[in-house]
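This report concerns only the one structure given below.
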Amino acid sequence: MKKTKCILPILLAVLLIVLAPINTFAATKNVSVKASCGSVYVGSVKKIKVTATKGAKITYKALNSCVSVDSKGNVKGKKVGTGKVCLTASKKGYKTVKKTISVKIIKRNQKITAKNVTVNVGKTASLGASAKTGLKFKSSNNAVATVNSKGVVTGKKTGTAKITIYTNGNSVYNKASYTVTVKVTKHVHSYKKVVIPAKTHKVKHKEKGHWVEPKWVVDKPASKVVDVPEHDAYVCSVCGAEFSSNEEAEAHVASENSKHVLASKVNKVVHHDAVAEVSHQELVTPAQGWIICDGPEGTGCPDHFEAPDDDAIIAHRRTYINKNNELAEKYFNEGYSQMDAIAKADAECPEHNISHVEQRPAVYKTVIDTPAQEAWDETLPDVYVFTCSCGATFESEDEFNAHVAENSKASVEVKHIDATYKDVPEEGHYEGERTWVVDKKAYTETVVDSPEKVIYKCKCGAVKK
C-alpha cells in the first residue's frame, strides 16, 4: 500500500514533463499565408491569389474606397489608386495571422478606330470613328476639309488634311488620340451603264370551264288518263254542286233557298257629328289712359277713385274741396280763428290734389253666334232597315224582296257531265354523272408595269443625259 502511494506522484511528474513542450509549441506556431493580386482595372473584378496553411480559413476586408472585396477574395476596382485589402488567416491550434496587400487600380487603355477617306469638293464623308468614350475632332487645314462633332468631313478644296481624333477619357478609360488622312479631290464624272430592270406584277387567272349534265333516259313517256269518267248528275242551278241522287240535290236546293229570309226589321238610325261653337269678339272699352287719384299729397286715395276722363276726376276732387270748405266754415263759426279752422279742416278732410295716368288695354267680350252641340244619333220613325239572314242590309222592303227573289231561284237540274282528264308526267332516269369540262386552264400572267431601262450613271449620283 505504501509502495503504491509513492509511485503515483512520480508518474504524475513525468506526464507533466512530457506534455509541457507540446502545449508550448502549439501556441507559438503561426498560420502561413502568402497573397498577391497585381493590378485591377476600374470596374473589373480579379481574384486574390492566396497560398496558406492547409485547412486555414481566410477572410477579407477592404481598407479603403479604391476597392471592394467579397467573401471569396474577388477584388473589384472602384476608382484609380492603390487599394488596400486585409486578409485574416486562422486555424485551430495555430496563431491567427493578418496580412495586408496592395492592389493597384488602373484605367483601361482605349483604342480609337477610324478610316482614311477621299472626298470630292463640296461632298461629305464619314470617318467611321468610334471609341469607348466621347470623341472630338480637329482638322489640320479647314481650308481643305472641315469636320463636325459627328466625324463627318466636308471637302472644301483639293488637297490633303489631317484629322486628329481624341478623347479625354473618363473614370474607367484613359485618354487616347488617333490621326487619319483626308484627301479632297475634284470630281470628274465617270459614267457606267446601269440597267434598271422592268417592274412587273403577277396576275393569277382562274380556270374556266362548264358543267356537262348527265343524260336523261325516258323509261315511260308522258300521257293523259281519265280523272273523272263521263256520267249523269243532279246539279244545283245556283252553285253548281253535283249530287248522285235527286233527294240529296233537292235537300241542298231547299237549304240554299232558305238562306235568304228576313232576319230583322228596325228603325234607321242616323248619326250626327258634333258641331263646334261659332263666336266673335266685340269691343267693350277701347284702349285709353285712365286717371288714377293718388289722394292728398300722393298718400293714397281712400276711395280708390279712377276715371277715363278729366271731368270725372275734377268732380271727384271738387267733392273733397267742398267738404273741406264746409268743415272750415263750421269750425270758424264755432269760434276757431280762420287759420286754425282751415288747418283743422285740412287735417280732417285734405284735398285730393295728386293723380297719375295709366294706359289700359282695350276690353273685348265674346259673343256666341251658334252654340256648340255634342254628337247624337237620330232614330227615324218611318224609315226601316231590313236585314237578310245572309247578312245583307236594305233600306226598303222592295229591295229586300228583290234580293230574296234573286237568290232563292235554286233548282235541281239533271246534266250529262263529260269525262275529265289529268296529265301523267314522263318517267325516266339519268345516265352518268355531272362532269366539269375545262375550257381554259388556270395560269399566271406576268404584267409589265414599266419596261426595262438603260441609263449611264456616275457614282456621285449624276445621270448622263
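Observations on the model:
- Apportionment of accessible area to carbon and sulfur, the chain, percent (1.4 Å): 53 percent
- Region 289-305 - phi-based ³J(HN,Hα) in whole Hz, Karplus 6.51/-1.76/1.60, Gly and Pro as x: x, 9, 8, 9, 7, 9, x, x, 6, x, 7, x, 8, x, 8, 6, 6
- Rounded accessible area of Asp382 (nearest 10 Å², 1.4 Å probe): 130 Å²
- Rounded to the nearest 20 debye, the dipole magnitude of region 127-200 is 220 debye, with +1 charges on Lys and Arg beta carbons, -1 on Asp and Glu beta carbons, and the Cα centre as origin.
- Proximal charge balance of Gly128 [Cβ under 15 Å; K/R count +1, D/E count -1]: +3
- Near Ser237, the amide H atoms lying under 5 Å from its own belong to Ser411, Glu413; only residues 5 or more places off or on other chains count, and H is placed 1.01 Å from N.
- Quotient of Cα Rg and 2.2 N^0.38 Å for the chain, N being how many residues it contains: 3.08
- Rounded to two decimals, the Cα-based Rg/Rh of region 254-379, with Kirkwood Rh, is 1.68.
- Packing-based ranking, highest mean first, of 72-84, 330-342 given that Cβ atoms within 10 Å are counted: 72-84, 330-342
- Above-threshold pairs, the threshold being 20 Å between Cα atoms, out of Lys162/Lys459; Lys138/Lys175; Lys220/Lys422: Lys162/Lys459
- Under the span-like rule (Cα at least 20 Å along the axis, Kyte-Doolittle mean at least 0.5), DSSP H helices of the chain: 2-28
- Solvent exposure of Glu213, expressed as accessible area, is near 110 Å², computed with a probe of 1.4 Å over the protein chains only.
- Taking a ≥ b ≥ c as the square roots of the eigenvalues of the Cα gyration tensor, region 346-465 is classed as oblate, since a/c reaches at least 1.5 and a/b does not exceed b/c.
- Order by protection proxy (mean Cβ within 10 Å, highest first), peptides 176-183, 32-39: 176-183, 32-39
- Dipole magnitude of region 69-183 about its Cα centre (Cβ charges: Lys, Arg +1; Asp, Glu -1), debye to nearest 20: 640 debye
- Cα-based shape type of region 380-440, given that a ≥ b ≥ c are square roots of the gyration tensor eigenvalues and the cut on a/c is 1.5: oblate
- Only DSSP H runs of four or more residues enter the estimate; each adds -39500 (n - 2.57), and after division by the residues of the chain the mean residue ellipticity at 222 nm equals -6000 deg cm²/dmol.
- Cα-centre dipole for region 348-465 with unit charges at Cβ (Lys and Arg positive, Asp and Glu negative), debye to 20: 2620 debye
- Think of region 155-291 as having a plus end and a minus end, set by charges on the Cβ of Lys, Arg, Asp and Glu; of Val225, Val203, Val284, Val203 sits farthest toward the positive end of this dipole.
- Sorted on the mean count of surrounding Cβ atoms within 10 Å across their residues, most packed first, peptides 409-419, 86-96 read 86-96, 409-419.
- Over all directions, the projected convex hull of the C-alpha atoms in region 60-205 averages 20.3 nm² in area.
The values are calculated or read from the model by the stated rules, or taken from the named source; none is laboratory data. Nothing here was measured: the structure is a model prediction, and the numbers come from that model. So basically every Cβ, Gly included, is an ideal-geometry build from the backbone, and we count neighbours across all protein chains shown. What goes into the accessible areas is simple: the full protein's heavy atoms, side chains included, and nothing from ligands, DNA or RNA. Shrake-Rupley method; radii C 1.70, N 1.55, O 1.52, S 1.80 Å.
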